[in-house]
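What follows is a single structure, written as structure tokens, with notes after it.
The values are calculated or read from the model by the stated rules, or taken from the named source; none is laboratory data. Quick caveat: nothing in here was measured; it's all calculated off a predicted structure. Here Cβ is always computed from backbone atoms with ideal geometry, including for glycine, and neighbour counts include all displayed protein chains. Heavy atoms of the whole protein, side chains included, go into the accessibility calculation; ligands, DNA and RNA do not. Shrake-Rupley method; radii C 1.70, N 1.55, O 1.52, S 1.80 Å.
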Amino acid sequence: MSAIAAYYNDKSILITGATGFVGKVLMEKLFRTSPDLKVIYILVRPKSGQTLKQRVFSILNSELFSKVREIYPNVGEKIRAIYADLSKDDFGISKEDMEELLSCTNIIFHCAATVRFEDPLKYAVQLNVVATQKLLLMASQMPKLEAFIHLSTAFSNCNLKHIDEVVYPCPGEPKKIINAMEWLDDAIIKEITPKLIGDRPNTYIYSKALGETVVQEEGGKLNIAIVRPSIISSTWQEPFPGWIDNVNGPGQLNPCYCKKMALQVMATLEKTPFEKAFRRPCTVFTTNTIAKQFWKAVSHRIPAIIYDFYLRLTGRKPRIVKLMNRTLNAFSKLEYFISQHWEWSINNTEMLMSQMSPEDQRVFNFDVRQLNWLQYIENYVLGLKKHLLKEDMAGIPEAKQHLRRLRNINYIFNTVIFLIAWRLLIARSQMARNVWFFIVSLCYKFISYFRASMLKA
């Protein structure tokens, strides 16, 4: 049996952000590989009129957990949902629940965060910094705690071009920033935000950098690791290829291609507590640059207008321009990350891989050098259609035909623009006319030679 999987036997695990993408996939992997774990505590708050039990039920009955349900039909018995609100003191957890968490928890996975780039700084600091600070305080009161795993981002120090697996000095003291957010007026905070975040692109990245500093400074004697995934997209292999339930990452762009080690960040997350149980210093693991990021986003507004005009003429609702505007808006938010290049050290990540047994490497594989990127991208796009957009997969042939029509419109439009531009150039430039006559003459001679050769044959 896998030593990592066995490590979780009879363990009580606390996961924040369990209703998010990372939290769901992490829970699924834990249950599927370590069914003998004792319990998973998840901090949840009622949402959209659903109770805690209803939210847990909807998660466990999703397609993501289909394999888990086959292995362990009563998996719900090992999930303990606890009401919590990360913006409140003590997270709003009841006294009885808090006592249970403090006395029983062995491992903490801190995955909760706001990941929206445009969030006000006050809100980003509250969820990504203050909540982390409060969770560390809780963790320091847990006598059975073996590991505290903090999920950050590979871009927390994107103001640097080469990023090592260390916690860099923070732009400003976190405690002062937190205090300022508490007493400053929202309008003033908005005004000083650009100066505070400095050369970081948005409040999300800035607050994540502050969060790492808080983890390092206030972790005390805790066994701590920081995991830095890059932009997370769909699942690679497990529990099946292409599962995704949000568009916070590259799902915002179409078409778009990206390569990242974060596809299997779950394997790194699960291996890390096993490693930290025997290592004391705060350690950073970057799961990003065995594969370089490559993004491509294409947008053509005029062909979209033309196609919408065609849809109107045929009595259908125009939608391409609206889709294009959404794509451009998403592209503008990600432009900073698309247009630049970084290098990350991954020594700790490579160390994790090297210390894993063959069985552990098979069960918790996160080496993307084995990944077929073209196949992954295809699975990713199909996953968007099936799991996120809830489209009928039987409509794929029609969708391909629709894409071909859009491509043909684009080709025709570009050809017409080229011919108009060339005609105007010929009319205004003698050199252009000479080049044109030379090309026509050359083509005529080639055709004449080809015909003569055919007649001789």
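Label-to-label distance for residue 47 and residue 95 is 3.0 nm, based on points extended 7 Å past Cα in the beta-carbon direction. Mean sequence separation of contacting Cα pairs (under 8 Å, at least six apart), scaled by the length of the chain, corresponds to a relative contact order of 15 percent. Spin-label model, residue 176 to residue 117: label points 7 Å out along the Cα-to-beta-carbon direction sit 2.9 nm apart.
Expressed as a whole percent, the accessible area of the chain that falls on carbon and sulfur atoms is 57 (1.4 Å probe). Over all other residues within a Cβ to Cβ distance under 13 Å of residue 318, the charged ones net out to +4, with Lys and Arg as +1 and Asp and Glu as -1.
Seen from residue 62, the other residues with C-beta closer than 13 Å to its C-beta sum to a net charge of +3, counting Lys and Arg as +1 and Asp and Glu as -1.
Here the gap between residue 329 and residue 439, fully extended at 0.36 nm per residue and compared with their Cα-Cα distance, gives a gain of 35.3 nm. Among the trypsin sites (Lys or Arg not before Pro) within the range 350-393, those in coil by DSSP and having at most 11 neighbouring Cβ atoms inside 10 Å are 390.
Between residue 322 and residue 396, the modelled label-to-label distance comes to 2.7 nm, taking each label 7 Å out from Cα in the direction of the beta carbon. Net length available on complete extension from residue 70 to residue 404 is 116.2 nm, with 0.36 nm assigned per residue and the Cα-Cα distance removed.
For the range 364-457, a crude dipole built from +1 on the beta carbon of Lys and Arg and -1 on the beta carbon of Asp and Glu, taken about the Cα centre, is about 580 debye to the nearest 20. Computed from backbone phi with θ = phi - 60° and the Karplus coefficients 6.51, -1.76 and 1.60, the 3J(HN,Hα) list for the range 234-240 is 8, 5, 8, 10, 10, x, 7 Hz; x is used for glycine and proline. Over the range 396-455, accessible surface divided per residue gives 90 Å², non-protein components excluded, 1.4 Å probe. Ordering 49-61, 116-128 by mean Cβ neighbour count within 10 Å, with the highest value first, yields 116-128, 49-61.
Here the peptides 425-434, 209-218, 165-174, 94-103 are ranked by packing, the mean other Cβ count within 10 Å, and the order with the highest first is 209-218, 165-174, 94-103, 425-434. Dipole of the chain computed with +1 at Lys/Arg Cβ and -1 at Asp/Glu Cβ about the Cα centre; of 394, 91, 240, farthest Cα towards the positive end is 394.
Annotation: the range 396-455 has a Kirkwood hydrodynamic radius of 14.6 angstrom, from the mean reciprocal C-alpha pair distance. With R₀ set to 25 Å, the beta-carbon distance separating residue 9 from residue 359 gives a calculated FRET efficiency near 0.95. The range 307-340 and the range 1-79 have Cα centres separated by 37 Å. Checked against a 23 Å cut-off, the cross-linked pairs 322/385; 95/208; 208/386; 47/333; 38/67; 144/175 give Cα-Cα distances beyond that limit for 95/208; 208/386; 47/333; 144/175. Anything in the chain that counts as a DSSP H helix reaching 30 Å or more along its axis (C-alpha) with Kyte-Doolittle mean of at least -1.0? List them, would you? Length and hydropathy pass: 396-428, 430-456.
Once R0 is set to 60 Å, what does the formula 1/(1 + (r/R0)^6) return for the Cβ-Cβ distance between residue 137 and residue 310, expressed as a FRET efficiency to the nearest 0.05? The formula returns an efficiency of 0.50 here. For the range 12-97, a crude dipole built from +1 on the beta carbon of Lys and Arg and -1 on the beta carbon of Asp and Glu, taken about the Cα centre, is about 180 debye to the nearest 20.
Of the residues 340, 321, 357, the one whose Cα sits farthest toward the positive end of the charge dipole of the chain, with +1 on the Cβ of Lys and Arg and -1 on the Cβ of Asp and Glu, is 321. FRET efficiency for the pair residue 418 and residue 85, taken as 1/(1 + (r/R0)^6) with r the Cβ-Cβ distance and R0 = 56 Å, rounds to 0.45. Tally Lys and Arg at +1 and Asp and Glu at -1 over the other residues with C-beta under 15 Å from the C-beta of residue 394: what net charge comes out? Value of the local net charge: +1.
Rounded to the nearest 500, what is the chain's calculated 222 nm mean residue ellipticity when only DSSP H runs of at least 4 contribute -39500 (n - 2.57) each, over all residues? That calculation yields -15500 deg cm²/dmol at 222 nm.
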